[in-house]
1. Check off (1) over 19 Å from Lys197 (Cα atoms); (2) at pLDDT 90 or above; (3) touching a Cys at 6+ places or on another chain (Cβ under 7 Å) for Cys340 and give me the number that stays unchecked.
2. Mind checking whether some residue in the range 192-200 is of a type outside the set (Ser, Thr, Tyr) and under 23 Å from Gln257 (Cα atoms)?
3. Do the conditions hold for Leu370, that is, is it within 25 Å of Cys162 (Cα to Cα) and open to solvent by 10 Å² or more (accessible area, probe 1.4 Å)?
4. Any chance you could count how many residues in the range 279-325 are assigned to a strand (DSSP E or B) and of a type outside the set (Lys, Arg)?
5. Just to be sure before I move on: is Lys327 open to solvent by 40 Å² or more (accessible area, probe 1.4 Å), touching a Cys at 6+ places or on another chain (Cβ under 7 Å), touching a residue at least 24 places away in the same chain (Cβ under 8 Å) and closer than 28 Å to Leu218 by Cα in the structure I sent?
6. Quick check: anything in the range 284-297 within 30 Å of Leu102 (Cβ to Cβ) and buried (at least 22 other Cβ atoms within 10 Å of the Cβ)?
7. Please verify whether the range 170-178 includes one or more residues that are assigned to a helix (DSSP H, G or I) and modelled with pLDDT of 90 or more.
8. Pick from the range 332-367 the residues that are of a type in the set (A, V, I, L, M, F, W, C) and assigned to a helix (DSSP H, G or I): which of them is surrounded by the fewest Cβ atoms within 10 Å (Cβ to Cβ)?
Amino acid sequence: MKVKRYIGHTVQETMQKVKAEMGKDALILSTRKVRQKGIMGWFKRPLIEVVAAADESREENFIPRRVMSANATSYALLGRQDDTSRVLEKLEAQIANMGEMLDKLTSSLKATEGRADLNIKHEYIPYYEMLVKNEVNEDIAKDIIQKAGLLHERSSADFKRCLEQVLMERIGPSRPLEVSPGRRKVVIFVGPTGVGKTTSLAKLAAIFSIQKQMRVGLITADTYRIAAVDQLKIYAEIMELPLSIVYSPREVVDALQEHNDKDVVFIDTAGKSIRDRAQEKEILELISLSKADEVYLVLSCNTSYSGCLNIIRSYSFLPDYKLLFTKVDEASSYGIILNCRHISGRPLSYIATGQSVPDDIEVADPNKLLSCIMKRVEV
């Protein structure tokens, strides 16, 4: 096991050093602010110190199921038990990638071979094909084109304007978080593992605490991964926000009492497997006990249509939620937004366009999204 201390001016810079030398799965042992040396150091911004550990063989590090104290022997035993799990995880990832490739290939073939059965006028077909290339599901794209066609036939507007009108209706108005001083709001973030829930939470926390000068509290229920707790802890220390850690849904009541004077409290949760029924109960209990005002389902823009369908179906137990999209900067298209809006019927809230906190997040602008989609359907 290799243990090393890293120092940087910002958390991003320090974590980048850890990632570059030890890999993205390095185990974070501790984080703290340190003063720069010398008398002048007292007048400068503190540095960020991160102590990280990694297996010298550069294999993936073991991350325990729950955050708990353990000696070196127990970690070694758990590490050996995790070898099989890592192999299975890699195989599942490869199978998922193959499934996405097959989805795209099937979609492309159907778009080409099924023209005769589209029931779409010949002059509209180029628009339909460009929507499909933008990874809009075929059935959804067909429905959009047909509705735009009917609108075109009933009005004097040209087809492109009719298409824009239908797309705007599908995108719908966005519903960002609104907080009124004097009335605390509790906001919960849910979603699959790795979509960026913690980073998105930190971005909104920074916006409301720094830019809007509101009192913000943080709670994390994601104690399944050590890195998740440490990541939010680093953000909390930098923004000087109070952070509470809960290990069961019932503990959220006491945690919220600690944040009774806050304007808004953000709650982070663990990533949920689509087949994990026990975790569904935990999330519902957390929402109920916290009396959450808003729930955000966080989705990555790199998700395939079948992936969106599975995720949204797996979260159908939620009483109500808004959609928050991440990794928009990494996506090659915006079709997923239309797909998820159609499948879920839930409103958009925010889109995240990078890792920078708090800059890379913005309210989902329907006009901007329409412009991005229409740039790809010019014919």
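1. In the conditions (1) over 19 Å from Lys197 (Cα atoms); (2) at pLDDT 90 or above; (3) touching a Cys at 6+ places or on another chain (Cβ under 7 Å), Cys340 misses (1) alone.
2. Among the residues of the range 192-200, not one is of a type outside the set (Ser, Thr, Tyr) and under 23 Å from Gln257 (Cα atoms), which makes the answer no.
3. yes
4. Of the residues in that region, 10 qualify.
5. Numbers: open to solvent by 40 Å² or more (accessible area, probe 1.4 Å): yes; touching a Cys at 6+ places or on another chain (Cβ under 7 Å): yes; touching a residue at least 24 places away in the same chain (Cβ under 8 Å): yes; closer than 28 Å to Leu218 by Cα: yes.
The answer is yes for Lys327.
6. We begin by selecting, within the range 284-297, every residue within 30 Å of Leu102 (Cβ to Cβ); these are 297.
Keeping just the survivors that are buried (at least 22 other Cβ atoms within 10 Å of the Cβ) gives 297.
Yes; the residues of the range 284-297 include at least one that is within 30 Å of Leu102 (Cβ to Cβ) and buried (at least 22 other Cβ atoms within 10 Å of the Cβ).
7. yes
8. For the range 332-367, the residue satisfying everything is Ile343.
The values are calculated or read from the model by the stated rules, or taken from the named source; none is laboratory data. Please read these numbers as outputs of a predicted model, since none were measured by experiment. Here Cβ is always computed from backbone atoms with ideal geometry, including for glycine, and neighbour counts include all displayed protein chains. Please note that ligands, DNA and RNA were not included when accessible areas were found on the heavy atoms of the full protein model with its side chains. Shrake-Rupley method; radii C 1.70, N 1.55, O 1.52, S 1.80 Å.
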